[in-house]
Each structure stands twice: as C-alpha cells, then as structure tokens.
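The values are calculated or read from the model by the stated rules, or taken from the named source; none is laboratory data. Quantities reported herein were computed from a predicted structural model and do not represent experimental measurements. No Cβ is skipped: glycine too gets one built from the backbone with ideal geometry, and neighbour counts run over all protein chains shown. To get the accessible areas, we keep the full protein, side chains included, count just its heavy atoms, and leave off ligands, DNA and RNA. Shrake-Rupley method; radii C 1.70, N 1.55, O 1.52, S 1.80 Å.
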Amino acid sequence: MSLSARLLRRIALVCVICLMLPGCWDRKELNQIAITSATGIDYKDGQWIVSYQVVIPSAISAAMTAVGGGAAKLPVIVYSTQGKTIREAVWKSALESPRRLFFSHTRVLVVSAAATQQGLTPLIDVYLRNPDSRETVNVLISDGEARTILEQLMQIQIIPGDGIHETMVGEARDLSILPSIKMYDLAMELLGSAKSSVLPEIVVSGSPGVTSAEALNKTALSSKLRLGRLAVLGQDKLVGWLSRQEAIGVGFMRDKMHMTSISFACNADSREEESAFRLMKSKTRLTPHKSGNSFVMDIKVEGEGTLLETNCPLDLNKPNTIDAMEEQLEKKIAADIEESWRAVKKLKTDVVGFADRIHRKYPKEWKKLASNWEATFLQIEIRPEVDITIKRTGLSTKSYMFQTEKE
C-alpha cells in the first residue's frame, strides 16, 4: 500500500471516530435555566423556607435605564418555596417556575438566626453533597428573615447578590473586622477541635425597604444593605453576637486582620483619639503553654503600616515621636484583644482557635481536654504582645497642629 493510501485511510478513520463522539450531552441553554445570584434560608413551623434571587437577563439593560430614570422592569425576582428538608423545598420550585434553578452562579447565602437554631448541619450537607451547589459561596447571617435581605435592591450594583458579595470581599480586604466566610470555611471550622465558627451579619438599615424601581430611582435611598455584627456559632448553632469593636480583637487572634485603620491617642494621658494609622500588614502567632492545670496563651502580633492622620502637636522628624506613636498603637491593639477576649469568654465559645493550637502542641493532653473543653477554655490566660512599625508618615513630616502652635 502506498504512503498516500495509508494517509487517506488514517484521515478517514479519524473522521469516523469524530462522528461517533457525543456532543454536548449535558448542555444547559440560557432560556431553560433560572440563574440565582443569592439564596436565603429561613425556618418556620417545622419547614425549611428557601428563597431565591433569580436574575432576569433580558431586564438587566432595562434596570440600568431605571437607575437613570424611566424603565420599571427590575433585573431580579425573589420567590420562596418550603419543605421538610432543604432539598425538598428546592425541588418544589418546579411547581411555580418555568425554568430549572441554576445555583452555580450564586454568590451569597443568607441564613436567618432562626434557621441557625435548627443547626447548620443539614445546610452544609446539601452544599457538600450536591454538585450544583458550590461550596465557595459566601455565607452571611440575618437577625430577621433572610428573604427580606434578598428583596432589598442596590443602586451601584444592578444585581443585589453580586453587590453583597463585593461588599463582603471589600470589607474583608480593607477593614478585616468581619471575615469573609465561605461554605467550606464554615464546614471545616465546625469540624475543628473547637467546633465553632463566626459569620458576618447583613442587615437592612433604614425603612421602608427599597424593593421597587420607583424607590430605587432616587439619589438617597430610604434603606440600604449594610454589614453589622459578628455572629458566633457553637456546635453549628448561633450562641451570640459580638459588636464590631469586639470583633477587632477576634480578627487579630484569628490572624485575619491583614489591613485596617486604627485610631489612637496622642499620648498615654490623652483619651481623645486624634491620630489614624493604616495597618498594611499583620501576622499573629499563638503559642500555648501549660500552667498547672490550665494554659497560658501567648499572642504575638507583628504589624506595619502608614500614618494617615494626626492632629497632635508633634514633630514627626524626631525618632522618639515615632516611637511614642508606635507604643500608643501597641497599647491600643493589646487593649482591643483583651476586650474581645472578655466578650468571647462570656459566650463560652472558642472562636479564636485556641483549641487547635493546644491540640497540635499537646496531643496527649487533648484527649482528656476535649470532653470538657469549655471549662478549660474559660480558665485560659492570655498574654498579648504587640509590635507595630510605622513605615511611613506621609508627605508631611510635621503635623499641621504642630505648625499652628509653633506660630
């Protein structure tokens, strides 16, 4: 057989194989699915209530026009279904929706405080078991109904679910007071030694709610979505809340405080916080030590950043001035950690990761401690040590107040 004949046979064989290959057997057409940008979980009268914020693609451009004034069509619709299990409630959506729900683009999951009292185990199981529910979704908690959060519209972000997600990511990046918790983070923390976790709160600030195009078509909205407190979970249930101020120290102890702004006083004798510092980098090391029948936790915080503002009559050219500012910052952060530790102890829930540290360093002792960890946790003494470096003082080497008083 000649070379050309063999080549033709090979080409023919490849063509036959290609014809036998299947096409897009599992394709999903856009006109057959309902894309959800956010999901809400409520619980009432023995039923799980699942709410869906469904995107209407054809209305997105109209919604952009509505913000500028005109169209009344909104880019999302919110509806709910209920069932004895979460998945039963989801499948009941087929009774009222012409399209099948598509959860792969869901950005946020809002759980009501009432639903957490039933335990988050069923919800986590659903997300880890089903391929259409992604475990990378951001989880938040609402003190009221989760559906109310999904119904609230936003001005800057056309799709509210995306807006909540971007707000959460931005806060975790720029302030670090409220952590960005994904579903797999929640699952892993609840399976950890302490079996506890935290969730950021989402609230509707103001009244009435912005749920229509008419209410949205204003320069100032009557209400808006806002991040609130820090929810503390123990054994997959809500046990209490921490204020944003109390959450600052928790962020440092959990080594989640990477970038934030800190106000501090000019000196130890002043109570007025007249200077601002931008923390650009932070690292926390937790080191447990045995102390009799209890433990002492050394908390070493190292950070650096930039001086953003000062109204103190100080000469920043002098090295001892910067040293004094760094000392004030270190005292402020240490005090925040102490305040947070007292608040965490009141909730009797280890959300700061002490159990994991002790488990790793003292594995033999942990076998005895695990059965009564709460009592051991409450007896722990902390020793915070903070080391802050002011890398830059900005463009001005002297405060304006210093110049004014000098004259």
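Only residues that are among the polar types (S, T, N, Q), farther than 30 Å from Ile380 by Cβ and not in a strand (DSSP E or B): list them for the stretch 280-334, please.
Answer for the stretch 280-334, where residues must be among the polar types (S, T, N, Q), farther than 30 Å from Ile380 by Cβ and not in a strand (DSSP E or B): Asn311, Asn317, Asn320, Thr321.
Taking the conditions exactly as written (open to solvent by 20 Å² or more (accessible area, probe 1.4 Å), more than 19 Å from Ser142 (Cα to Cα), modelled with pLDDT under 90 and of a type in the set (S, T, N, Q)), does Ser212 satisfy them or not?
Spelling it out, Ser212 is indeed open to solvent by 20 Å² or more (accessible area, probe 1.4 Å), more than 19 Å from Ser142 (Cα to Cα), modelled with pLDDT under 90 and of a type in the set (S, T, N, Q).
Just to be sure, is Glu201 acidic (Asp, Glu), buried (at least 16 other Cβ atoms within 10 Å of the Cβ) and part of a strand (DSSP E or B)?
yes
Hey, among Ser223, Ser205, Ser180, which residue is over 28 Å from Ser133 (Cα atoms) and either under 10 Å from the mean Cα position of the chain (by Cα) or without any contact (Cβ under 8 Å) to a residue 40 or more places away in the chain (or both)?
Sole residue among the options that is over 28 Å from Ser133 (Cα atoms) and either under 10 Å from the mean Cα position of the chain (by Cα) or without any contact (Cβ under 8 Å) to a residue 40 or more places away in the chain (or both): Ser205.
Output yes when any residue across the stretch 315-334 is touching a helix residue (DSSP H, G or I) at 6+ places or on another chain (Cβ under 8 Å) and more than 30 Å from Lys195 (Cβ to Cβ), and no when none is.
So far as the stretch 315-334 goes, yes, one or more of its residues are touching a helix residue (DSSP H, G or I) at 6+ places or on another chain (Cβ under 8 Å) and more than 30 Å from Lys195 (Cβ to Cβ).
Take the stretch 352-387 and flag every residue that is in a strand (DSSP E or B), in contact with a Lys or Arg (Cβ under 9 Å, 6 or more places away or on another chain) and open to solvent by less than 60 Å² (accessible area, probe 1.4 Å).
Once the filter is applied, which keeps residues that are in a strand (DSSP E or B), in contact with a Lys or Arg (Cβ under 9 Å, 6 or more places away or on another chain) and open to solvent by less than 60 Å² (accessible area, probe 1.4 Å), the stretch 352-387 yields Pro384, Val386.
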